[in-house]
1. Which condition from (1) over 20 Å from A:Val158 (Cβ atoms); (2) away from ligand 2 (no atom under 16 Å from the Cβ) is the one that A:Thr31 breaks?
2. Just checking, does the range A:186-194 include any residue being within 16 Å of ligand 3 (Cβ to nearest atom) and out of contact with any Leu (no Cβ under 6 Å at 6 or more places or on another chain)?
3. Regarding B:Leu193, is this residue over 30 Å from A:Glu205 (Cβ atoms), at pLDDT 95 or above and more than 16 Å from ligand 3 (Cβ to nearest atom)?
4. Please tell me if A:Glu394 is buried (at least 22 other Cβ atoms within 10 Å of the Cβ) and either at pLDDT 95 or above or of a type outside the set (A, V, I, L, M) (or both).
5. Can you confirm whether B:Pro200 is touching a residue at least 60 places away in the same chain (Cβ under 8 Å), closer than 30 Å to B:Tyr29 by Cβ and in a loop (DSSP other than H, G, I, E, B)?
6. So is B:Ile148 closer than 19 Å to B:Phe90 by Cα and more than 16 Å from ligand 2 (Cβ to nearest atom) or not?
7. Given the conditions (1) over 17 Å from A:Ala452 (Cβ atoms); (2) buried (at least 18 other Cβ atoms within 10 Å of the Cβ), and given that A:Ser327 satisfies all but one, which numbered condition is not satisfied?
8. Only one of these conditions is not met by B:Thr146: (1) more than 30 Å from A:Cys186 (Cβ to Cβ); (2) in contact with a Cys (Cβ under 9 Å, 6 or more places away or on another chain). Which number is it?
Amino acid sequence: MRVMAQICMVMNLDKCIGCHTCSVTCKQTWTSRPGVEYVWFNNVETRPGQGYPRRYEDQERWRGGWKLTSRGRLVPRAGGRARRLASIFANPLLPNIRDYYEPWTYDYNALFDTPAGDDFPVAAPRSLISGERMNTITWSANWDDNLGGMPEHESDDVVLQRIQDKVRMELEQTFMFYLPRICEHCINPSCVASCPSGALYKRVEDGIVLVDQDRCRGWRMCVTGCPYKKMYFNHRTGKAEKCTFCFPRIEVGQPTVCSETCVGRLRYIGVLLYDADRAPEAAATPREQDLYPAQLGLFLNPHDPEVRRAAEQAGIPHDWVQAARRSPVYDLIATYGVALPLHPEYRTLPMVWYVPPLSPVVEAITASGHDGEDYRNLFGAIDTLRIPVSYLAELFTAGDPAPVELALRRLAAMRSHRRRINLGEPVDPEIAASVGFDVDKLDRMFRLLSLAKYEERYVIPTAAAGDVRRLEETELSGCSLDYEGGPGMGGTESSGPFGEASGRPAPLSVETFHGLRERQTSESAAETAGHRGRINLLNWDGRGLPEGLFPKRREDGDGHGDGHGDGRRDGHVDRGEEPGAGPGEVSGRGEGGES
Amino acid sequence: MPSPVDIFLWGAFPYIAVAILISGLIWRYRYDKFGWTTRSSELYESRLLRWGSPMFHFGLLVVLLGHILGLFIPAGWTAAVGVSETFYSFLAVTLGIVAGVLTYAGIALLIWRRRTTGPVFLATTVNDKAMYVFLVAALTAGLATTLINASTLHYDYRVDVSPWVRSLFVFQPEVALMARTPIEYRVHTITGLVLFAIVPFTRLVHAFAAPVQYLFRPYIVYRARDPRNLGTAALRPGWKRSDV
Ligand code: HEM
Ligand code: SF4
Ligand code: SF4
């Protein structure tokens, strides 16, 4: 037994209202730079729907994840090492930008510059890829939001296609829910396996999968490797980028940005202990439907003293083992068994799990005039409403309805049980017993799913207790601008000696800062002659002063550049411009600083 | 007695070019790991790239292999294993022409694609354009040399070019050998050496990252966090991380 610890997430889909707050805050933090305009580390898909990128689940086409050979060996579905190298010069399995969508901005300046006339000026859309006018916008990361385009796009849902032989989707019976997705930080990541340079790696301490930006050579094989299409290619730097599980936040014990800002408070983060020795075997489980139980079998019970001893022997810090005991994620996955993995059939052993949504079922019953809160009705409906269950089973258990049904029954039981309490009716232990729980356990699950406070939803041990102070990107002992080469070369302005993207990378915070400042102060809003002037007002935080909004200020030459903005930040930039400001080799995306 | 120009071109310039290549690579690795990438444009356009890039690269690999065989295996050795001179030059010329034409067509397709596909053109830097000039010059000179050789009475470059190349490696450059070769060989050699020298400073560096190590690596890579490097902030000079 080789115990490893991993930071893991569970999302309770019943609570997702599809507001996209998580996507937007994530984008603000990580991908509001040129080159990754089309990238959403966190995206929210409406199901049924095509997803983002379009039809990414069609592995017949994209060949992501792993497959079992006839001799039971696990190889990347796109082919082993030699096959990958043979197709390195052009990779036919790479999605095109249009499979995601062509990112755009608007010619906002037209609103200001158009001379007065009879017609209203129009801010026409302009592509951020080609710089050209776009006549019609036809797709985006969530174009089919809330079933938009149904039933025209219905037939394009890969999952629906698979179950369509069994049931045709009746529009009147349409069910719908939201599926927020981030990188799964898989135990058996096929993105890592397909990286020829070895730039991608799984972090030993917390299982987060990261790209070493200094080692990535832009072979773009990882994009093909990941079946969830959560590896992205930055088309300006020529390097891969992915969800980082907000590692700088996790290291100081804070939840990811998507979790922190989630309106539905439906995300849980905690530590899971698993047996790394048995992982390859679990991923190679012959029957796809057995992959969920096989992965479940990898997780170690942190309440078992034997496991805790083995964990500490394996060098896992004491506070991590303690955190594993309080892990909400372990409870949802193992103790209550209501969380399920997304597409276990890809064999990557994903580590972001989902509590399936009961609401489509409840809604269906209520719509048919029955009591949607009565557990007998609910149980009956789970059995007879084939569409939601088989759809969910295709998502979460490779088609096996039993685990989905069990999870839904437990949620249904919880619902009925709590309603009786709310209405002052006597507690019926029969309800809990019908799903294999006792009343106390059902109540505890209810607490965790409904009432749990911040500290209970996010149980995150810090990277190193003694180092907390230094972990933050900007704090007193070190300025994040102190990286080699110093500031001023940062971000979108910088262009190394070999054209854009060469030279030391700036820490992401610096690049975002410069990008934001540039957008706020550049001459024209949608200048597209070069790449430099690209502006995306979606990212404008409303604080800067777009040129022309106000009369020009008198230049008083105090050296503070544009004369507005945050004085403290300006101060940092100026100080850093002294030569030799950067003593260390540290950068946002160097060794140990990744993205 | 070779002229001073010959001495420079065939006695000194090869060393200068290789020195620039090596020191340039070291320098770039040290200071621009982040810029060391293919800068793939496949995300924008793949229909033409799917043909152009493999044609160019596979063609080029065969061309490179041909150079190594032709320049480093003395004529005596091939004769010793029973390969007749006519058969050897037949093989060399045919293979050279096939690979050369493939490479040339590939690069033509790639440049055409680069010019005509909006997003790809937008992503082309001045550095890229200059690089294409040198690359195409070297390829043109090389292909021309092969074609001239094939169409005229066979000139055997293994008599003087190859010994000259080998003489470079023992630091006894036989300048006179190279100085008497046909003009196309000399032009090709110079353009080739210039290309060597610019490689570290262009996107062509990606060739030196060719990921052969992938073949020998376990699929899953684990890495521990660098304990000296938690977070992204640098340690201030004079400060030391405490071990508590
Ligand atoms: C065996 C080692 C090599 C590998 C693995 C390799 C791989 C690649 C890859 C993946 C691309 C990006 C294609 C794309 O997606 O846009 C590329 C582009 C390119 N490579 Fe190579 N390459 C190698 C050697 C070379 C050599 C030796 C040269 C020339 C001296 C070269 C010249 C180029 C050029 C000019 C491009 C740009 C093509 C374009 O988009 O216009 N490569 N290479
Ligand atoms: S989900 Fe994340 S860890 Fe898993 S294969 Fe994709 S990019 Fe890699
Ligand atoms: S913020 Fe929360 S509720 Fe809103 S879309 Fe994201 S996951 Fe759903």
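The values are calculated or read from the model by the stated rules, or taken from the named source; none is laboratory data. This is a predicted model, so every value here is computed, not measured. When we count neighbours, we look across all protein chains shown, and the Cβ atoms used for this are built from the backbone with ideal geometry, even at glycine.
1. For A:Thr31, the failing item is (2).
2. no
3. Spelling it out, B:Leu193 is indeed over 30 Å from A:Glu205 (Cβ atoms), at pLDDT 95 or above and more than 16 Å from ligand 3 (Cβ to nearest atom).
4. On the way: buried (at least 22 other Cβ atoms within 10 Å of the Cβ): yes; either at pLDDT 95 or above or of a type outside the set (A, V, I, L, M) (or both): yes.
Judged against the criteria, A:Glu394 is a match.
5. no
6. For B:Ile148, the condition - closer than 19 Å to B:Phe90 by Cα and more than 16 Å from ligand 2 (Cβ to nearest atom) - is met.
7. Only one criterion is unmet by A:Ser327, namely (1).
8. Checking B:Thr146 against (1) more than 30 Å from A:Cys186 (Cβ to Cβ); (2) in contact with a Cys (Cβ under 9 Å, 6 or more places away or on another chain), the one that fails is (2).
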